[in-house]
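Worksheet for the structure shown next.
The values are calculated or read from the model by the stated rules, or taken from the named source; none is laboratory data. Please read all numbers here as calculations on a predicted model, not as lab measurements. Note that each Cβ is placed from the backbone with ideal geometry, even for glycine, and that neighbours are counted across all protein chains shown. Keep in mind that these areas ignore ligands, DNA and RNA; they rest on the heavy atoms of the full protein, side chains included. Shrake-Rupley method; radii C 1.70, N 1.55, O 1.52, S 1.80 Å.
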Amino acid sequence: MYDVAIIGCGIIGAATAYELSRYDLKVVALEAANDVADGTTKANSAILHAGYDPEPGTKMARLNVEGVRMAKELCEKLAVERKEIGSFVLAFNEEEMKTVHTLFDRGNQNGVPGMRILTGEEVRAMEPAISAEVVGALYAPSAAIVSPWEFCIALAETAVVNGAEVRLSAKVESIEKGEGSFLLHTTAGDVEAKYVVNAAGVEADKVHAMVGGHTFRTLPNRGEYFLLDKAQGELVNKVVFQCPNQDGKGVLVAPTVHGNLIVGPNAEGVDKADDVNNTAAGLAFVRKMSVKSVPAVNFRDSIRNFAGVRANSDQPDFVIEESPAAKGFINLGGIKSPGLSSAPAIGVEAVELLKGCGLTLTKKERFVDTRKRTVFRHLSPEEKAELVRENPLYGRVICRCETVTEGEIVEAIHRPIVPRSIDAIKRRCNAGMGRCQGGFCGPRVHEILSRELKLPLDQILMDEEGSYILTQPTKEGK
């Protein structure tokens, strides 16, 4: 019997597991995919929003500002790449300047620090690549960029180090309500828990329905992106937004923590929560809107297109509640933007809700709140030389585009949550993220995974279940 079962191990489930692992509890996170951070968490804008966009008084407003504050400390402790670079919301006419002033007032009510309203000239003095058509902007220096999958993995790994469990390929198919507990039927076996946290992202409404709850409905919304090569990575040095509208925060142009440039997204309702297809129309819209802000974006340097699905809902705010249909069942649903920004604070909120439901919280005497990992490309020449002397695997570069060594890949394989696919390695140490998108290093990562996991090459996946790279011949030799 577990004290708490968390359904979903994206950034919200991982943050909740991390916070619960502070206490003497038996906790398990059940993830339907074969890796954590495999849904919306791995396919978003990678922005920690300052907090001026949500309506004052909402959960989104409060948790956004607090989550960004918490993320600053967490990323430093847990070795997650994050850069506080600030953001602009651009106005192209006086009508949009009214929106800028509204956001400024809203941000002040929400407690966003250091905001300023700038003229067009002041904006271009800070970012010369921004369009000459811009007449002014809101500047929020506390906005940051982060590696969202690294953040999620770090939180989940640290929870495991502190005694929590993470079960992968454990999709919850049905839930039985018992007397004082829940029985969860999953694809990896049954799990019984006194309390359940529903952090199932775009599937959260379906999971809630398993206990008879129907207080919200998820409205999947797809956003498409361009990822550009590092040759474009310094075109702008801040996150560049346009004025938000009914479809969201609009198309942005921003650097990434790994030195690339990200452009997108659009916003399109889709029928299926896993519809992450790119479309010609969607990408054309992103291109058209982005060059309005930054005309010099060179899409010939695009190295990857991708799409993610947001967990929009029919509710105006995050759905963070004890289910009215099942005592002890906590919903963390409708976590759209600024979900990534709010995640650390949502984890704390979930723990408080569980406490209110009767969960006894006794803090552990020893809680590990730091994490180390080797990022070879960030080391000084002297540090690199010393590391190679200690372990020659760090002297063999596997991913040339990102300067990722065999030592880093082996280190990633033997961390608390074992990666079992080439893309899982990518999410942990960036191998395959560069210009050639794994064209050179992919086969070498494949071999290393096979060797270290002691699995045949044909059992190593590209990413999700069924994404085999090699197949054995049939008995007929075909």
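Points 7 angstrom from Cα along the Cβ direction at ASN298 and LYS355: gap in nanometres?
Rounded to a tenth, the inter-label distance reads 5.4 nm.
Rounded, prolate or oblate for the stretch 1-106? Axes are the square roots of the Cα gyration tensor eigenvalues, ordered a ≥ b ≥ c, and the cut-off for rounded is a/c under 1.5.
Cα axes put the stretch 1-106 in the prolate bin.
What percentage of all Cα-Cα pairs in the stretch 138-265 are separated by more than 25 Å?
Working: 4078 of 8128 pairs.
Roughly 50 percent, rounded to a whole number.
Collect residues whose amide H, placed 1.01 Å from N in the peptide plane, falls under 5 Å from the amide H of ASN34; neighbours closer than 5 in sequence don't count.
Residues meeting the criterion, in which the H sits 1.01 Å from N, are SER169, GLU465.
Any cysteines in the chain with zero other Cys Cβ atoms under 4.7 Å from their Cβ? List them, or say none.
CYS9, CYS75, CYS152, CYS243, CYS357, CYS401, CYS429, CYS436
Which helices of the chain meet both criteria: a Cα extent of 18 Å or more along the helical axis and a mean Kyte-Doolittle score no lower than 1.0, with helices taken as whole DSSP H segments?
Working: long enough: 59-77 (26 Å, -0.48); 94-110 (24 Å, -1.48); 148-161 (20 Å, 1.23); 280-293 (21 Å, 0.57); 339-356 (24 Å, 0.80).
Length and hydropathy pass: 148-161.
In whole Hz, what ³J(HN,Hα) sequence does the stretch 226-231 give by Karplus (6.51, -1.76, 1.60; θ = phi - 60°), x for Gly and Pro?
Taking θ as phi minus 60°, the curve returns 10, 10, 9, 4, 5, 4 Hz for the stretch 226-231.
List the residues of the stretch 236-272 whose backbone N lies under 20 Å from a point placed 7 Å from the Cα of THR58 along the Cα-to-Cβ direction.
241-252, 265-270
Between ARG22 and SER450, what FRET efficiency comes out of the Förster formula 1/(1 + (r/R0)^6) with R0 = 41 Å and r the beta carbon distance, rounded to 0.05?
Efficiency, rounded to the nearest 0.05: 0.65.
May I ask you to compute the full-extension gain from ASP271 to LYS83, defined as 0.36 nm times their residue separation minus their alpha-carbon distance, rounded to one decimal in nm?
Here the segment from ASP271 to LYS83 would lengthen by 64.2 nm.
Can you pull the percent of the chain's accessible area that's carbon plus sulfur, 1.4 Å probe, other chains left in place? Numbers along the way, then the final one.
Numbers: 9990 of 20230 Å².
Carbon and sulfur together cover 49 percent of it.
If the viscosity is 1.306 mPa s and the temperature 10 °C, what translational diffusion coefficient in µm²/s does Stokes-Einstein give for the stretch 339-449 when Rh comes from Kirkwood over Cα pairs? Walk me through the numbers on the way to the answer.
Numbers: Rh = 16.6 Å.
Result for D is 96 µm²/s.
Set Lys and Arg Cβ to +1 and Asp and Glu Cβ to -1, take the dipole of the chain about its Cα centre, and tell me which of LEU453, LEU48, ALA296 lies farthest positive.
Towards the positive end, the residue furthest out is LEU453.
What is the percent of Cα-Cα separations in the stretch 406-478 that go past 19 Å?
On the way: 831 of 2628 pairs.
Here the tail beyond 19 Å accounts for 32 percent of pairs.
If you average the alpha carbon positions of the stretch 74-150 and of the stretch 415-470, how far apart do those two centres end up, in angstrom?
Using only Cα atoms, the two centres lie 37 Å from each other.
For the chain, what is the accessible area per residue in Å² when the probe is 1.4 Å?
On the way: 20230 Å² over 478 residues.
Roughly 42 Å² per residue, with all protein chains present.
Remind me, relative contact order of the chain in percent, using alpha carbon pairs under 8 angstrom and six or more residues apart?
That works out to 19 percent.
Tell me, what is the FRET efficiency for LYS372 and THR215 to the nearest 0.05, using R0 = 45 angstrom and their Cβ-Cβ distance as r?
0.60
Over the stretch 116-193, what per residue volume does the convex hull of the Cα atoms give, in whole Å³? Provide the component values of the computation, followed by the final result.
Values: hull volume 17.5 nm³, N = 78.
It comes to 225 Å³ per residue, whole-number rounded.
Once amide H atoms are placed 1.01 Å from N in the peptide plane, what residues at a sequence separation of 5 or more from ALA29, or on another chain, have their amide H within under 5 Å of its amide H?
ILE6, GLU165, VAL166, ARG167
Give, rounded to the nearest 20 debye, the magnitude of the charge dipole that the chain has about its Cα centre when Lys and Arg contribute +1 at Cβ and Asp and Glu contribute -1 at Cβ. Show your work: numbers first, answer last.
On the way: 56 positive and 64 negative charges, 159 e Å.
So the dipole magnitude of the chain works out to roughly 760 debye.
With label points built 7 Å along Cα→Cβ from the Cα atoms of ASN278 and ALA385, find their separation and express it in nm.
If labels sit at ASN278 and ALA385, their model points lie 4.3 nm apart.
Show the residues, 5+ positions off or on another chain, whose built amide H is closer than 5 Å to the amide H of GLU192.
TYR2, LEU184
Could you pull out which residues in the stretch 84-98 have an amide N less than 20 Å from a spot 7 Å beyond the Cα of ARG116, following the Cα-Cβ vector?
The answer is 84-92, 97-98, whose backbone nitrogens lie closer than 20 Å to the label point.
Along each of the three principal axes of the Cα atoms of the chain, give the extent in whole Å, ordering the values from largest to smallest.
That gives 62, 55, 51 Å along the principal axes, largest extent first.
Hey, what did the stretch 32-150 get for relative contact order, percent, Cα under 8 Å, at least 6 apart? Kindly include the intermediate steps, with their values, before the conclusion.
Working: 185 pairs, mean separation 45.3, N = 119.
The normalised contact order for the stretch 32-150 reaches 38 percent.
Tell me, in nm to one decimal, what length is gained between ASP314 and GLU95 on full extension, where the rule is 0.36 nm per residue of separation less the Cα-Cα distance?
Taking ASP314 through GLU95 to full extension adds about 76.0 nm, to one decimal.
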